[in-house]
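The values are calculated or read from the model by the stated rules, or taken from the named source; none is laboratory data. What you see is a predicted model, and the numbers here were worked out from it, not measured in a lab. Cβ: placed from backbone, ideal geometry, glycine included. Neighbour counts: every protein chain shown.
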Amino acid sequence: MDTAKNIAWGLAEAIRDLPQDGRKLIALAGPPASGKSTIAAALVTHLGKTAALVPMDGFHYSNAILDARDLRARKGAPETFDLAGFNTLMWRLRTEDEVAVPTFDRTLDTSIGSSVLVEAHHSLIVVEGNYLLLDEPGWSDLNQHWNLSVGLDVPEDVLEKRLVQRWLSQGLSTQAARNRALSNDIPNAQRVLGNQLQSDLTI
């Protein structure tokens, strides 16, 4: 995706302008289907061996917990994430050389614990997620961690098309994919777009 590569190139220049002392945490935030994962992966590739990718999605609660809390239908909303655990990880990335990080497997629909290892030579940590700049209690505390924050601004109609296509690619029918996008994903996107802290850079 040439657009993602071009964006990554520009962001890499901004990151290289940051002070060189210590590990840096760069937040890439935006609504679902805004292109965060693609851009983040391209950015880490462009930055090279000193960069590591940490996705917020590894902190999804399990489906069993969501079922017990009657939140399965809202999976992906802020309340379906382990915010305290994610915040602790950010502190650990600040203070510890080596940190194991969970990721999320979309096909299995579950988090995979300790599946990525951030090591001492990783001085640039690209953190991507929907709610990294969410201006709501608890979530807004994350802003203290970022040496640079980047917000993705994508029109809602574009997000809707991408989200429907995402569910189509998972094998849902056209109507089921549209229902899934409109009943949960779009409300989550609207929550981000309407309640986001000011980022250092907006794309």
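Only a single criterion out of (1) in a loop (DSSP other than H, G, I, E, B); (2) free of Cβ contacts under 8 Å to residues at least 60 places away in the same chain; (3) not aromatic (Phe, Trp, Tyr) is not satisfied by Lys49, namely (2). Looking at the stretch 68-82, is at least one residue small (Gly, Ala, Ser), over 16 Å from Leu133 (Cα atoms) and in a loop (DSSP other than H, G, I, E, B)? Scanning the stretch 68-82 turns up no residue that is small (Gly, Ala, Ser), over 16 Å from Leu133 (Cα atoms) and in a loop (DSSP other than H, G, I, E, B).
Residue-wise test of (1) surrounded by fewer than 22 Cβ atoms within 10 Å (Cβ to Cβ); (2) in contact with a strand residue (DSSP E or B) (Cβ under 7 Å, 6 or more places away or on another chain); (3) assigned to a helix (DSSP H, G or I).
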| position | (1), (2), (3) |
| --- | --- |
| Asn6 | yes, no, yes |
| Trp9 | yes, no, yes |
| Glu13 | yes, no, yes |
| Asp21 | yes, no, no |
| Ile26 | no, yes, no |
| Pro32 | yes, no, no |
| Ser37 | yes, yes, yes |
| Ala41 | yes, yes, yes |
| Val44 | no, yes, yes |
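Of all residues in the stretch 181-193, none are surrounded by fewer than 16 Cβ atoms within 10 Å (Cβ to Cβ), modelled with pLDDT of 95 or more and among the basic types (Lys, Arg). When we screen Leu148, Leu133, Leu159 for residues that are surrounded by 13 or more Cβ atoms within 10 Å (Cβ to Cβ) and under 20 Å from Glu79 (Cβ atoms), the only hit is Leu133.
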